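This report refers to the structure that appears directly beneath it.
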């Protein structure tokens with residue numbers, strides 16, 4: 001070989017060496033096994049904290065009557081303050097229900113329910129159980145019920161204009177859809193009503209008291225009118241996804257009319273008006289009727305489908321949510 005040939009040979013060999021080296025580096029980076037994430041970096045699924053009864057007593061000032069926020073079919077709710085200053089809602093289950101569910105796995109159910117996390121539901125933070133006591137601790141956030149806005153506060157209804165009412169209906173539907181279709185296992189609320197829809201400072205609806213129907217499945221107080229007639233059947237009745245959709249339909253009728261449920265009278269009054277398109281009579285007289293009635297007419301028709309059909313013919317929560325989301329997008333443009 002002459003001198004030029006040696007030089008050409010050396011250049012080729014150097015080029016090949018560099019190419020092999022680069023290829024090896026690329027293969028190493030591509031094929032290198034990703035390090036296993038430590039437990040700290042993995043997403044932790046929320047689980048309810050177990051509170052001692054002493055913690056609950058301290059937070060509620062010994063269940064002081066001045067701390068009572070409300071009473072319902074399942075329990076009495078108190079405003080609580082934790083050691084870190086965080087406000088919480090403390091639901092004390094009625095003693096008669098504690099006794100009738102003494103053998104039920106209360107803590108297991110609460111741990112399961114607390115795993116549900118969504119912008120349109122109220123999170124369960126913890127629980128406490130002791131002889132004769134069952135307590136549920138929930139986030140508070142100074143929320144007020146839809147029932148209070150519509151039916152108890154003199155000026156509350158005027159704060160909820162038509163756009164806000166449509167947003168509340170669609171947000172509540174999204175919360176129920178999450179419980180029905182995303183939460184694992186799926187959660188049936190069991191008592192969807194306006195007092196179980198809380199409104200935060202941004203007028204975002206949050207569903208509360210989900211999954212607690214097991215405590216009082218046949219208790220009619222606070223439930224009549226928000227569940228379908230089939231609920232009370234011995235066979236094939238009880239709480240179900242279909243009865244939750246019915247309750248949401250009643251809430252929509254309340255939002256449209258401003259009237260209370262009145263143990264089911266609202267549905268009997270509203271359905272004929274919707275069928276006859278008598279929306280002037282249906283809509284809440286405390287608000288000005290909008291120039292564009294189409295969103296409210298669509299909302300009324302969805303409500304009618306929810307409460308005017310049997311369980312077999314009733315729309316699913318997914319169908320209801322899709323329509324309500326579309327209505328909300330239309331009015332928010």
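Please identify the pairs in which a residue from the range 85-108 that is in the same structural domain as residue 217 (by TED's automatic domain parsing) has its Cβ atom under 9 Å from the Cβ atom of a residue that is at pLDDT 90 or above and surrounded by fewer than 16 Cβ atoms within 10 Å (Cβ to Cβ), counting only partners at least 6 apart or on another chain.
Pairs that qualify, where the first residue is in the same structural domain as residue 217 (by TED's automatic domain parsing) and the partner is at pLDDT 90 or above and surrounded by fewer than 16 Cβ atoms within 10 Å (Cβ to Cβ): there are none.
Answer with yes or no whether residue 128 is in the same structural domain as residue 299 (by TED's automatic domain parsing), touching a residue at least 60 places away in the same chain (Cβ under 8 Å) and more than 21 Å from the chain's Cα centre (by Cα). Talk me through it step by step, then tell me what you get.
Values: in the same structural domain as residue 299 (by TED's automatic domain parsing): no; touching a residue at least 60 places away in the same chain (Cβ under 8 Å): yes; more than 21 Å from the chain's Cα centre (by Cα): yes.
No.
Residue 208 fails exactly one of the following numbered conditions: (1) farther than 21 Å from residue 125 by Cβ; (2) surrounded by 17 or more Cβ atoms within 10 Å (Cβ to Cβ). What is the number of that condition?
Every listed condition holds for residue 208 apart from (1).
Kindly indicate whether residue 209 is assigned to a helix (DSSP H, G or I) and either touching a helix residue (DSSP H, G or I) at 6+ places or on another chain (Cβ under 6 Å) or in the same structural domain as residue 300 (by TED's automatic domain parsing) (or both).
On the way: assigned to a helix (DSSP H, G or I): no; either touching a helix residue (DSSP H, G or I) at 6+ places or on another chain (Cβ under 6 Å) or in the same structural domain as residue 300 (by TED's automatic domain parsing) (or both): yes.
No.
Before we move on, is residue 258 out of contact with any strand residue (DSSP E or B) (no Cβ under 6 Å at 6 or more places or on another chain) and on the phi > 0 side of the Ramachandran plot? Let's see the steps before the verdict.
Details: out of contact with any strand residue (DSSP E or B) (no Cβ under 6 Å at 6 or more places or on another chain): yes; on the phi > 0 side of the Ramachandran plot: yes.
So residue 258 passes the test.
State yes or no: is residue 133 in contact with a strand residue (DSSP E or B) (Cβ under 9 Å, 6 or more places away or on another chain), over 30 Å from residue 299 (Cα atoms), outside the structural domain of residue 297 (by TED's automatic domain parsing) and surrounded by 15 or more Cβ atoms within 10 Å (Cβ to Cβ)?
Working: in contact with a strand residue (DSSP E or B) (Cβ under 9 Å, 6 or more places away or on another chain): yes; over 30 Å from residue 299 (Cα atoms): yes; outside the structural domain of residue 297 (by TED's automatic domain parsing): yes; surrounded by 15 or more Cβ atoms within 10 Å (Cβ to Cβ): no.
No, not satisfied.
Based on this model, can you work out whether residue 248 counts as buried (at least 24 other Cβ atoms within 10 Å of the Cβ), modelled with pLDDT of 95 or more and assigned to a strand (DSSP E or B)?
Working: buried (at least 24 other Cβ atoms within 10 Å of the Cβ): yes; modelled with pLDDT of 95 or more: yes; assigned to a strand (DSSP E or B): no.
The answer is no for residue 248.
Just to be sure I understand, how many residues within the range 212-224 are touching a strand residue (DSSP E or B) at 6+ places or on another chain (Cβ under 9 Å) and either within 26 Å of residue 159 (Cβ to Cβ) or assigned to a loop (DSSP other than H, G, I, E, B) (or both)? Reasoning before the result, please.
As a first pass, look at the range 212-224 and keep what is touching a strand residue (DSSP E or B) at 6+ places or on another chain (Cβ under 9 Å): 212, 215.
Those still in the list that are either within 26 Å of residue 159 (Cβ to Cβ) or assigned to a loop (DSSP other than H, G, I, E, B) (or both) too: 212.
The number of residues fulfilling the criteria is 1.
Only residues that are in a loop (DSSP other than H, G, I, E, B), free of Cβ contacts under 8 Å to residues at least 60 places away in the same chain and farther than 18 Å from residue 327 by Cβ: list them for the range 275-294, please. Show your work before the answer.
Pass one, the range 275-294, residues in a loop (DSSP other than H, G, I, E, B): 276-278, 283-293.
Of the ones still in play, those that are also free of Cβ contacts under 8 Å to residues at least 60 places away in the same chain are 276-278, 283, 285, 288-289, 291-293.
Across the range 275-294, the qualifying residues are 276, 278, 285, 288.
Any residue that is buried (at least 16 other Cβ atoms within 10 Å of the Cβ) and farther than 22 Å from residue 188 by Cβ - is there at least one of those in the range 287-295? Give the steps one after another, and end with the answer.
Residues of the range 287-295 buried (at least 16 other Cβ atoms within 10 Å of the Cβ): 295.
Next cut, farther than 22 Å from residue 188 by Cβ only: 295.
Yes; the residues of the range 287-295 include at least one that is buried (at least 16 other Cβ atoms within 10 Å of the Cβ) and farther than 22 Å from residue 188 by Cβ.
Tell me the residue from 146, 150 that is surrounded by 18 or more Cβ atoms within 10 Å (Cβ to Cβ) and in contact with a strand residue (DSSP E or B) (Cβ under 8 Å, 6 or more places away or on another chain), please.
Working: 150 fails: in contact with a strand residue (DSSP E or B) (Cβ under 8 Å, 6 or more places away or on another chain).
Within the list 146, 150, the selection yields 146.
When the range 58-97 is examined, which residues are found to be surrounded by 14 or more Cβ atoms within 10 Å (Cβ to Cβ) and out of contact with any strand residue (DSSP E or B) (no Cβ under 9 Å at 6 or more places or on another chain)?
Within the range 58-97, the subset surrounded by 14 or more Cβ atoms within 10 Å (Cβ to Cβ) is 58-61, 63, 67-70, 72-82, 88-94, 97.
Matches in the range 58-97: 73 only.
Give the residue, chosen from 230, 328, that is in contact with a helix residue (DSSP H, G or I) (Cβ under 8 Å, 6 or more places away or on another chain), under 21 Å from residue 149 (Cα atoms), touching a residue at least 60 places away in the same chain (Cβ under 8 Å) and part of a helix (DSSP H, G or I).
Values: 230 fails: under 21 Å from residue 149 (Cα atoms).
Matching residue, one of 230, 328: 328.
Check off (1) in a helix (DSSP H, G or I); (2) touching a residue at least 12 places away in the same chain (Cβ under 8 Å); (3) out of contact with any strand residue (DSSP E or B) (no Cβ under 7 Å at 6 or more places or on another chain); (4) surrounded by fewer than 16 Cβ atoms within 10 Å (Cβ to Cβ) for residue 272 and give me the number that stays unchecked.
(2)
The values are calculated or read from the model by the stated rules, or taken from the named source; none is laboratory data. These numbers come from a predicted model, not from an experiment. Glycine gets a Cβ as well: all are built from the backbone with ideal geometry, and neighbour counts include every protein chain shown.
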